[in-house]
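Take a look at the structure set out below.
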Amino acid sequence: MKRLSTHIGLDMKEDDRFRNVAIAAAKEAGRIQKLRFGRSLQVEYKGEINPVTEVDTLCDQAIARVILDAFPGHDLLTEESAFKNKGSPWRWIIDPLDGTTNYLHGYPCFCVSIGLEAEGEMKLGVVYDPVHDELFLSEKGRGAYLNGKRLFVSSEKNLGRSFLSTGFPYDVREHSDLYLRYFRQFIVKSFAIRRPGSAAIDLCYVAAGRFDGFWELKLHPWDLAAGTLMIMEAGGKATDFKGRPMSLDAGETLVSNGLIHDQMLEAIREIEKETGR
Ligand code: IPD
Ligand code: CA
Ligand code: CA
């Protein structure tokens, strides 16, 4: 593996470029999303209930163009294209449109999510929600921000008073009993649950203290990369369902303000005892 030319975090100019390019790419995708929102769209289906629209593709292409113009040697992992691995220590992890089902139905909850990893460690995350013009930004060791304002997770200590969110993977028709078991557990143990339909927004909302916690199974690195860094930098916690530090491809996501994390893990343990999962 190639060595990094500079240590990110020490080279201000390079960090500024990464941040500026990530924001420019996110804003360009957001512009495309806003422009076409509510119009009739060409749709294809990756699975029975897993749509991909022309806007997913357009955003994917626009983001790749902005990033590769600036950093032609970097690697890209995006939801909608397969880029050849160049062996770069830098990898951009991109969900060009998170919340496609919402987008397709004119439901205004979707975003673009862009994370930058250096030698396997998340360094930068940008999530842009063009409907509300909310730009979430996190940089390793430098905090998380919403439109320039520092973000902190909530201070709720009690799961029974906690406002949670979740989502369901696209194979919900095959595994509905299991997914609903988690939902049933948390709906009786929390204050309330929402299912917004954009995992990247869910994660940012935990970072912003709007939600106290979130769980979902089978999310992908592009759903998680930027939002997870946002939570860590806002003082929260991200693990798998056993409480181990979260990896982007673990398939189990549990994030919270940190204070209710053990209570959420305990609730999950009860299900696992019962289902033998
Ligand atoms: C989906 C959304 C949704 C979550 C799904 C994701 P997509 O991403 O984040 O909230 O429940 O698991 O796959 O397909 O809209 O990019
Ligand atoms: Ca997604
Ligand atoms: Ca997507």
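The values are calculated or read from the model by the stated rules, or taken from the named source; none is laboratory data. Nothing here was measured: the structure is a model prediction, and the numbers come from that model. Don't worry about glycine lacking a Cβ; one is built from the backbone with ideal geometry, like all the others, and counts go over all protein chains shown. Keep in mind that these areas ignore ligands, DNA and RNA; they rest on the heavy atoms of the full protein, side chains included. Shrake-Rupley method; radii C 1.70, N 1.55, O 1.52, S 1.80 Å.
For Glu134, neighbours were defined as the other residues whose beta-carbon sits under 13 Å from its Cβ, and their charges (Lys and Arg +1, Asp and Glu -1) total +2.
Straight-line cross-link reach from Lys86 at under 16 Å between alpha-carbon atoms covers these aspartates and glutamates, not counting any fewer than eight positions away in the same chain: Asp69, Asp75, Glu117, Glu119.
A protection proxy built from the mean count of other Cβ atoms within 10 Å ranks the segments 245-252, 27-34, most packed first, as 27-34, 245-252.
When only the Cβ of Lys, Arg, Asp and Glu is charged (+1, +1, -1, -1), the dipole of the chain relative to its Cα centre reaches about 480 debye. A 1.4 Å probe over all protein chains sorts Lys157, Lys218 by accessible area into Lys157, Lys218, starting with the largest. Beyond 31 Å between alpha-carbons counts as too far, so tell me which of Lys13/Lys218; Lys13/Lys149; Lys46/Lys273 fall in that bin. Listed pairs above 31 Å: Lys13/Lys218; Lys46/Lys273. As a ratio to 2.2 N^0.38 Å, the alpha-carbon radius of gyration for the chain is 0.97. Among the protein heavy atoms of the chain, carbon and sulfur supply 51% of the accessible surface, probe 1.4 Å, non-protein parts ignored.
Classify the range 182-230 as rounded, prolate or oblate, taking a ≥ b ≥ c as the square roots of the eigenvalues of its Cα gyration tensor: rounded when a/c is under 1.5, otherwise prolate if a/b is larger than b/c and oblate if not. Oblate shape, in that a/c is at least 1.5 and b/c is the bigger or equal ratio. The shape of the range 159-275 comes out rounded: with a ≥ b ≥ c from the C-alpha gyration tensor, a/c is under 1.5. Charge tally around Cys204: other residues with Cβ under 10 Å, Lys/Arg +1 each, Asp/Glu -1 each, net -2. Shape analysis of the range 12-150 places it in the oblate category; the axes a ≥ b ≥ c from the Cα gyration tensor give an a/c of at least 1.5, with a/b not above b/c.
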